[in-house]
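The values are calculated or read from the model by the stated rules, or taken from the named source; none is laboratory data. Keep in mind it's a predicted model, so treat the numbers as computed, not measured. Here the Cβ is made from the backbone with ideal geometry for all residues, glycine too, and neighbour counts use every protein chain on show.
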Amino acid sequence: MIKYPDILVVDDEESIRELAAEIFSKRGWNVEVAENAEKGAELIAKKKFDVIISDIMMPGISGLKFLKYVKEVSPSTAVIMITGYPSIDIAVDAVKNGAFDFIVKPFTIDKLELTVKKAVIMSSQAQRDEGATRRKVTTEGAEEISSVHTIDEALEKARDKREVFRRICELAHTIVDGDKAFVMLYDREQDELLIKTAINYDRAPTGMVISALKEPFKSVIENKCYSYSLVHDRELAPLFDKDYITGELLVIVPVIIKGEAAVLIGITLRGEGAREFTMKDISLLTNLSSKAALKLENISLTENILANIFTTIDSLIKALDARDTYTKDHSQRVTTYAMSIAKAYGCSDSLLESISFAGPLHDIGKIGIRDEILLKKGPFTEEERKIMNTHVLRGCEILKPLNLMESERAVVLYHHERWDGNGYPEGLR
């Protein structure tokens, strides 16, 4: 004997209840409806349902509280949440509390039918084998933890914003198994979006400027939530690596910094045969977005701190030049000579960069030497020489907050070493 699934539709909109009842009744499925969570709970107390479709925003008990109740009394029941006001936080809460899927209004009948079919299969399997379902959930959870770890690890290695944008792009593309991916920087004053990086393109749209007033970008920026939509705007064809489009799937996720959408992550989805965009994808993209926001804020903070430090150091160099006429412009001249010698010897570009950066700072430690020693006209006494020689160590200490690379630190610390080992501070040969 065939057992048809039992479906419960809980929504305060009568049109939604009637539509769902009509669709699934035609299949011979058993459908019941309730206009709020309280009525839904009464029906659940009398009967076990395979699938429940519930609105999130309802008068009285909210859909999320109703979801928690359902999962407590009937763990194997698949619950599909629907809403006309999508946000990343709500989507994540729904997934955390056991929702099978999350559908945004307005939705197509095909979308609703397909989601419910999958939910029926899942619910049936859960009822037949609770143990197998638990193992499946555990495996998926482990995979998600692994993905989150990958996000953390990848972003941690990024040293500047350009690299963060590139890594965001790569991670988003991998998470969703998308076709193409890009990252856009939002210019609030101009209401424009600039594509900073893109991957998997024959004709990369990097540098392309798009109006932030176009959909779906406008809604994402205003609502600070993700968008999963079908795009028809032919001006956006380059985002899909095409000359024109008739309807392409696009996911946009905002990176929220200081309460505003500052960066948008875009993923174009593959066509027929591609796997479906899921709540797990939303959860991982949300995690990526929040981690990216934190990383970008930290980099901005570091850049501001470094800018202030460089301004201070520049002032110290000028103060040192003013104290000692011999030292005036000395640091820059030494840097120029050192660069010429390094180039003649064929030194690497990275070493040349280190010399160029640290050269002007090599004598910064002299700022800590007393005037009677620093400005002395005659030869130093042995004690004075020892004090003067400490300027290389003082320089490294002053520059410590900059976290210099080893090659940059060496310029400051070892610029008085000699080939015969008679230099200082370590007598290197």
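When each of Pro238, Pro205 is tested for being over 22 Å from the mean Cα position of the chain (by Cα) and closer than 14 Å to Asp179 by Cβ, the lone residue that passes is Pro238.
Listed here are the strands (runs of 3 or more DSSP E) enclosed by region 191-296 that have at least 1 residues being at pLDDT 85 or above and more than 30 Å from Lys118 (Cα to Cα): 192-199, 209-211, 248-257, 260-268.
Out of all the residues in region 12-35, is one or more touching a residue at least 24 places away in the same chain (Cβ under 8 Å), of a type in the set (Ser, Thr, Tyr) and not assigned by TED's automatic domain parsing to the domain that holds Glu222? So far as region 12-35 goes, no, none of its residues is touching a residue at least 24 places away in the same chain (Cβ under 8 Å), of a type in the set (Ser, Thr, Tyr) and not assigned by TED's automatic domain parsing to the domain that holds Glu222. Could you look through region 411-429, keep only residues that are in a loop (DSSP other than H, G, I, E, B) and of a type in the set (A, V, I, L, M, F, W, C), and pick out the one that is farthest from Gly365 (Cα to Cα)? Among residues in region 411-429 that are in a loop (DSSP other than H, G, I, E, B) and of a type in the set (A, V, I, L, M, F, W, C), the one farthest from Gly365 (Cα to Cα) is Trp419. Scanning region 314-321 for any residue that is in contact with a helix residue (DSSP H, G or I) (Cβ under 6 Å, 6 or more places away or on another chain), more than 24 Å from Val176 (Cβ to Cβ), modelled with pLDDT of 75 or more and of a type in the set (Ser, Thr, Tyr) turns up nothing. Whether a residue is under 17 Å from Tyr226 (Cα atoms), of a type in the set (Lys, Arg) and modelled with pLDDT under 80 was assessed, and Lys96 does not pass this test. For region 226-236, the criterion of a residue being touching a strand residue (DSSP E or B) at 6+ places or on another chain (Cβ under 9 Å), buried (at least 18 other Cβ atoms within 10 Å of the Cβ) and farther than 15 Å from Leu269 by Cβ is satisfied by no position. Taking Ala142, is it in contact with a His (Cβ under 6 Å, 6 or more places away or on another chain) and either surrounded by fewer than 17 Cβ atoms within 10 Å (Cβ to Cβ) or at pLDDT 90 or above (or both)? It is false that Ala142 is in contact with a His (Cβ under 6 Å, 6 or more places away or on another chain) and either surrounded by fewer than 17 Cβ atoms within 10 Å (Cβ to Cβ) or at pLDDT 90 or above (or both).
If we only count helices (runs of 4 or more DSSP H) wholly inside region 1-107, which ones have 1 or more residues that are farther than 30 Å from Val253 by Cβ and touching a Pro at 6+ places or on another chain (Cβ under 9 Å)?
Result: 14-25.
Of all residue pairs spaced 6 or more apart or on separate chains, those with beta-carbon atoms under 8 Å, a first member in region 66-80 that is touching a residue at least 24 places away in the same chain (Cβ under 8 Å) and a second member that is among the hydroxyl-bearing types (Ser, Thr, Tyr) and part of a helix (DSSP H, G or I) are Ser76/Ser123; Ser76/Thr133; Thr77/Ser123; Ala78/Ser123; Ile80/Thr115. Filtering region 226-259 to residues that are farther than 19 Å from Ser289 by Cα and touching a residue at least 60 places away in the same chain (Cβ under 8 Å) leaves Phe240, Asp241. What do you reckon, is Ile355 surrounded by fewer than 18 Cβ atoms within 10 Å (Cβ to Cβ), within 20 Å of Cys396 (Cβ to Cβ) and either at pLDDT below 75 or under 37 Å from the mean Cα position of the chain (by Cα) (or both)? In short, no.
Checked against (1) in contact (Cβ under 8 Å) with a residue 24 or more places away in the chain; (2) in a strand (DSSP E or B); (3) under 30 Å from Asn97 (Cα atoms), Met184 meets all criteria but (3). Of the candidates Val116, Val120, the single residue that is in the same structural domain as Glu38 (by TED's automatic domain parsing), farther than 29 Å from Ser219 by Cβ, modelled with pLDDT of 75 or more and in a helix (DSSP H, G or I) is Val120. Quick check, is Ile398 under 28 Å from Arg159 (Cβ atoms) and of a type in the set (Val, Ile, Thr)? Yes: the conditions hold for Ile398. Taken as a whole, the structure places Asn200 among residues that are surrounded by fewer than 19 Cβ atoms within 10 Å (Cβ to Cβ) and at positive phi.
Val209 is checked against (1) in contact with a Leu (Cβ under 7 Å, 6 or more places away or on another chain); (2) surrounded by 15 or more Cβ atoms within 10 Å (Cβ to Cβ) and fails just one. What number does that condition carry? So Val209 meets the others, but not (2).
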